[in-house]
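Participant: Before I ask anything, let me first share the structure, which is written out below as structure tokens.
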Amino acid sequence: VAEEFTPDMVAGHSLGEFSALVASGALTFEDGLSLVYKRALAMQKACEINPSTMAAILGLSDEQVETVCESVVGVVPANYNCPGQLVISGSKEGIEKACVAAKEAGAKRALPLPVGGGFHSPMMEPARVELAEAIEGTKFSIPKCPIYQNVTATPTTDVDVIKVNLIAQLTAPVKWTQIVENMVSDGTTDFVECGPGKVLQGLVKKIHRAAQVAAV
């Protein structure tokens, strides 16, 4: 079945970027699983070193949320999910302040998330160092199609670039809105979500209403 799966381009949201790399043939399933496991352990350690958290800000523009983050020390944009939905990440105290500031700026909701830490932020620096070693020790192949990576939102088939972006992903934001916009501008009309649930299908439709979405 895997040999019949021939996407024109792939992308994955956060952890899903590893799934996308496996789907594109850049990683074997076994190596992808191994890296996901090592990533989880490294992130857990980082959470214990730097207690942190995340919050979803609904109803503000990306620029407004970025301004809120700039006003609070230790808080950064983490997941650009779709217009009007941006997740922020940082210290627990910083996230509390940022939620108040977001509501004052007109956010419909500012929801602290039940997560173990402040992912996709500088709080994950200890994990980035650990994951870098694991990634450098793993064989990557040239993917059979471009992968749009979280860190840049742009397509690549360059193995060295893929590895650098995969390492940077732990401390940088997930640019999902920008990824979908770029995939559409590059000619994509049909998106297939692989995995349980419909979260990404919903986000894609909010980013580009005309997109055709389906699940596998």
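The values are calculated or read from the model by the stated rules, or taken from the named source; none is laboratory data. Keep in mind that what you see is a predicted model, and the values were worked out from it rather than measured. Cβ: placed from backbone, ideal geometry, glycine included. Neighbour counts: every protein chain shown. Accessible surface areas use protein heavy atoms only, side chains included; no ligands, DNA or RNA. Shrake-Rupley method; radii C 1.70, N 1.55, O 1.52, S 1.80 Å.
Participant: Quick one: of K92/K205; K45/K92; K144/K206; K38/K198; K38/K163, which pairs are farther than 21 Å apart, Cα to Cα? Kindly include the intermediate steps, with their values, before the conclusion.
Facilitator: Details: K92/K205 32 Å; K45/K92 17 Å; K144/K206 28 Å; K38/K198 27 Å; K38/K163 15 Å.
In this structure, K92/K205; K144/K206; K38/K198 exceed 21 Å between Cα atoms.
Participant: Shifting gears a bit: For helix 29-49, what angle does its Cα long axis make with the longest principal axis of the chain, in degrees from 0 to 90 and rounded to 10?
Facilitator: Result, in degrees: 20.
Participant: Would you kindly derive the ³J(HN,Hα) couplings of the range 97-107 from the backbone phi angles with the Karplus curve 6.51 cos²θ - 1.76 cosθ + 1.60 (θ = phi - 60°), listing them in order in whole Hz, with x for Gly and Pro?
Facilitator: My calculation for the range 97-107 gives 5, 5, 5, 5, 5, 5, 5, 5, 7, x, 5 Hz in order.
Participant: From the gyration tensor of the Cα coordinates in the range 54-149, what semi-axes in whole Å does the equivalent ellipsoid have, largest first, with each one equal to sqrt(5λ)? Let's see the in-between values first.
Facilitator: Details: eigenvalues 176, 57, 19 Å².
In descending order, the three semi-axes are 30, 17, 10 Å.
Participant: On to the next question. For V164, what charge total do you get from the other residues with a beta carbon under 12 Å from its beta carbon, if Lys and Arg give +1 and Asp and Glu give -1? Please report the intermediate quantities before stating the final value.
Facilitator: On the way: positive: R128, K163; negative: E136, D158, D160.
Residues near V164 contribute -1 overall.
Participant: Report, by chain and number, residues whose modeled amide H sits under 5 Å from the one on R109, excluding near sequence neighbours (fewer than 5 apart, same chain).
Facilitator: L58
Participant: Give me the Kirkwood hydrodynamic radius of the range 87-216 in Å, from all C-alpha pairs, to one decimal place? Don't jump to the answer; show the numbers that get you there.
Facilitator: Details: mean 1/r = 0.0589 Å⁻¹.
So the Kirkwood estimate lands at 17.0 Å.
Participant: Here is a further query. Give the residue list of trypsin sites (Lys or Arg not before Pro) in the range 179-216 that are DSSP loop and have at most 16 other beta-carbon atoms within 10 angstrom. Let's see the in-between values first.
Facilitator: Working: sites: K198, K205, K206, R209; in loops: K198, R209.
Listed in order of number, the matching sites are K198, R209.
Participant: Please list 3J(HN,Hα) in residue order for the range 183-199, calculated via the Karplus relation 6.51 cos²θ - 1.76 cosθ + 1.60 where θ = phi - 60°; whole Hz, with x for glycine and proline.
Facilitator: 5, 5, 5, 8, x, 6, 10, 10, 10, 10, 8, 9, x, x, x, 10, 4
Participant: Per DSSP H run of n ≥ 4, the term is -39500 (n - 2.57); total these for the chain, divide by its residue number, and report the mean residue ellipticity at 222 nm rounded to 500 deg cm²/dmol.
Facilitator: So the calculated ellipticity at 222 nm is -13000 deg cm²/dmol.
Participant: For the chain, what is the accessible area per residue in Å² when the probe is 1.4 Å? Provide the component values of the computation, followed by the final result.
Facilitator: Values: 10810 Å² over 216 residues.
Here the residues of the chain average 50 Å² of exposed surface.
Participant: To continue, here is another question. What is the set of long-range amide H partners of V213 at a cut-off below 5 Å, with H atoms built 1.01 Å from backbone N?
Facilitator: Long-range HN contacts for V213: F191.
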